[in-house]
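Single-structure report; data block below.
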Amino acid sequence: MAKLYFRYGAMNSGKSTNLLQAAFNYEEREQQVLLMKPRIDTKGDTDIVSRLGVRRAVDFVVGAEEDLWEVFARERRKIEDRTGKAVSCLLVDEAQFLTESQVDDLLRIAIIDNIPVLAYGIRTDFQTVAFPGSRRLLEISHSLEELKTICRCGKKAVFNTRQVDGEFVFDGEQVAIEDGVEIVYESLCGNCYLQESGGVFNRTRRVLTESLATAYNSAPDPDFS
Ligand SMILES: [Zn+2]
């Protein structure tokens with residue numbers, strides 16, 4: 001039985017480089033691979049870009065509303081008809097943006113189609129909360145492997161921080177839209193993250209919890225009203 005592998009890491013931990021290297025290793029052995037990623041914007045960006053300078057177009061993208069297993073079967077047939085070679089591996093970039101049911105499809109591809117799936121993604125967002133696709137991958141993958149990168153202080157970086165126009169921000173949407181502002185991300189260790197965030201790991205969740213507590217405290221007790 002083939003397996004579903006999740007290789008996760010903070011931003012800039014070499015995920016795309018690792019993916020492109022894995023594809024190269026298969027192809028060097030005359031094996032056929034398929035590369036895919038989720039469609040996350042309308043810009044039509046269909047390249048996998050390694051920071052080391054290697055770039056390669058994916059074979060297909062999948063929208064959030066699409067049945068990944070079905071799309072994969074179609075693309076697999078297409079490439080097998082064209083090349084006469086069976087697909088040996090599916091490689092997934094930006095897997096954090098898949099839906100939960102699409103990650104379930106990746107497991108079906110591994111178990112039922114018997115094709116290994118290597119999924120690469122960021123574990124958590126800039127508020128230290130798991131992306132839906134990553135959460136599901138952490139739940140059901142056969143194999144978890146962390147890709148490591150270094151914080152500015154030299155420790156291992158595990159969290160991602162967001163800067164808008166040069167300022168660290170700890171509130172906002174999980175996926176930021178660059179709307180006339182410059183957004184950059186920096187991977188930090190836990191210590192440096194807390195220094196920048198003022199000691200908070202997840203501001204939105206804390207605000208929600210506090211407003212919930214306020215709501216409970218201010219609600220009239222039905223026994224005494
Ligand atoms: Zn640090």
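FYI, it's all coordinate maths here, none of it is from the lab. This structure is a prediction, so every number in the text was calculated from the model and none was measured. Cβ coordinates were reconstructed from backbone atoms using ideal geometry, including for glycine residues, and neighbour counts include every protein chain displayed.
Just add up the charged neighbours of I79: K/R +1, D/E -1, any other residue whose Cβ is under 12 Å from the Cβ of I79.
On the way: positive: R74, R76, R77, K78, R82, K85; negative: D59, E75, E80, D81.
That works out to +2.
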| query | In the stretch 38-95, what trypsin sites (Lys or Arg not before Pro) fall in a loop by DSSP, with at most 14 other Cβ atoms inside 10 Å? | reply | K43, R51, K85
| field | the stretch 85-151: radius of gyration over Cα atoms, expressed as a fraction of 2.2 N^0.38 Å | value | 1.16
| said: Pairwise over distinct Cα atoms, reciprocal of the mean inverse distance: report the Kirkwood radius of the stretch 92-225 in Å, one decimal place. | reply: 17.4 Å
| query | Order of 119-125, 13-19, 135-141 by packing, highest average Cβ count within 10 Å first? | reply | 119-125, 13-19, 135-141
| request: Only loop residues by DSSP count here, and only those with at most 15 other Cβ atoms within 10 Å; note down the trypsin sites (Lys or Arg not before Pro) in the stretch 153-215 that meet that. | output: K155
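Pop the C-beta distance of E196 and S143 into the FRET formula with R0 = 25 Å and round what comes out to the nearest 0.05.
0.15
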| field | Angle between the chain longest axis and helix 100-111 axis [Cα atoms, degrees, rounded to 10] | value | 30 degrees
| task | Mind telling me which of V33, V175, V117 comes out most flexible in a GNM of the chain, alpha-carbon contacts under 10 Å? | result | V175
| note | So, for the Cα atoms of the stretch 1-156, Rg and Dmax in Å stand at 15.0, 51
| Which of the peptides 181-190, 105-114 is most tightly packed, and how do the rest follow, going by the mean number of other Cβ atoms within 10 Å of each residue? | 105-114, 181-190
| query | Simple spin-label model, 7 Å along Cα-to-Cβ: S101 to D81 in nm? | reply | 2.7 nm
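So which GluC sites (Glu not before Pro) in the stretch 58-95 pass both tests, a DSSP loop state and at most 13 other Cβ atoms within 10 Å of the Cβ? Let's see the in-between values first.
Details: sites: E65, E66, E70, E75, E80, E94; in loops: E65, E66, E94.
Those satisfying the criteria are E65.
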| Any number yet on Rg/Rh for the stretch 121-185, C-alpha, Kirkwood? | 1.02
